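Report on the following structure.
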Amino acid sequence: MKDIEQREDIEHLVNLFYRQVIDDKIIGYFFNEVVELNWEKHIPIMYDFWETVLHAKMRYKGSPIPIHIELSRKEPLKPFHFQRWIQLWETTVRTNFSGEKANEAVKKAKLMGELMMVKIKRSGEDGFIQ
């Protein structure tokens with residue numbers, strides 16, 4: 001298997017991942033019902049996000065944390081939701097890629113999930129988004 005080497009690899013990974021997310025019984029409803037996500041707009045943002053994270057190409061501008069805090073205010077995001085997201089992400093990465101960037105993609109997703117949970121919890125405790 002090859003590593004995540006270029007934008008096309010990221011696009012392939014993101015496409016495969018979100019095909020699973022859409023149908024997932026644990027987290028799919030966040031995307032399909034709570035947010036009613038515009039997939040044509042969202043997916044290219046995810047390409048840019050992961051290209052920025054994995055290849056340091058500054059295509060993504062913004063922060064996913066406030067967006068997820070707002071989402072959690074509509075429908076509470078719980079640790080098991082993030083665990084499922086990470087499980088699907090890791091399975092998708094490991095099934096399709098192997099190497100340093102693939103390992104980094106899994107590691108960064110886990111760190112992001114942990115950070116998001118902390119920030120969401122903190123925003124609920126004091127009402128302040130950091």
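The values are calculated or read from the model by the stated rules, or taken from the named source; none is laboratory data. Just so we're clear, the structure is a prediction, and the values are computed from it rather than from any experiment. Note that we place each Cβ from the backbone using ideal geometry, even for glycine, and neighbour counts take in every protein chain shown.
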Please go through region 7-21 and give me each residue that is surrounded by 14 or more Cβ atoms within 10 Å (Cβ to Cβ) and not aromatic (Phe, Trp, Tyr), ordered by number. Arg7, Asp9, Ile10, Glu11, His12, Leu13, Val14, Leu16, Gln20, Val21
Pick from Ile43, Ile26: which is within 12 Å of the chain's Cα centre (by Cα), farther than 20 Å from Met1 by Cβ, at pLDDT 95 or above and among the aliphatic types (A, V, I, L, M)? Ile43
Within region 95-125, of all residues that are at pLDDT below 90 and of a type outside the set (Asp, Glu), the one farthest from Trp50 (Cα to Cα) is Gly124
Just the residues that are free of Cβ contacts under 8 Å to residues at least 40 places away in the same chain and either more than 21 Å from Lys108 (Cβ to Cβ) or not in a helix (DSSP H, G or I) (or both), please, taken from region 30-56. Asn32, Glu33, Val35, Glu36, Leu37, Asn38, Trp39, Glu40, Lys41, Ala56
Residues in region 1-22 that are of a type in the set (A, V, I, L, M) and closer than 19 Å to Asn38 by Cβ total 3
By residue number, the members of region 54-72 that are over 15 Å from the mean Cα position of the chain (by Cα) and under 17 Å from Ile27 (Cβ atoms) are Glu70
Name the pairs whose Cβ atoms lie under 6 Å apart, with the first residue in region 76-94 and under 17 Å from Tyr18 (Cβ atoms), the second β-branched (Val, Ile, Thr) and not in a helix (DSSP H, G or I), and 6 or more positions between them or separate chains? His81/Ile27; Arg84/Ile26; Arg84/Ile27; Trp85/Ile27
Taking Ile65 as the residue in question, decide whether it is modelled with pLDDT under 95, β-branched (Val, Ile, Thr) and surrounded by 13 or more Cβ atoms within 10 Å (Cβ to Cβ). yes
Considering Glu51, Glu40, which residue is of a type in the set (Asp, Glu) and crowded, with 18+ Cβ neighbours inside 10 Å? Glu51
I'm told Phe97 meets every condition in (1) in contact (Cβ under 8 Å) with a residue 60 or more places away in the chain; (2) farther than 21 Å from Val35 by Cβ; (3) out of contact with any helix residue (DSSP H, G or I) (no Cβ under 8 Å at 6 or more places or on another chain) except one. Can you identify the failing condition by its number? (3)
From Phe31, Phe80, which residue is under 12 Å from the mean Cα position of the chain (by Cα) and either modelled with pLDDT under 95 or aromatic (Phe, Trp, Tyr) (or both)? Phe31
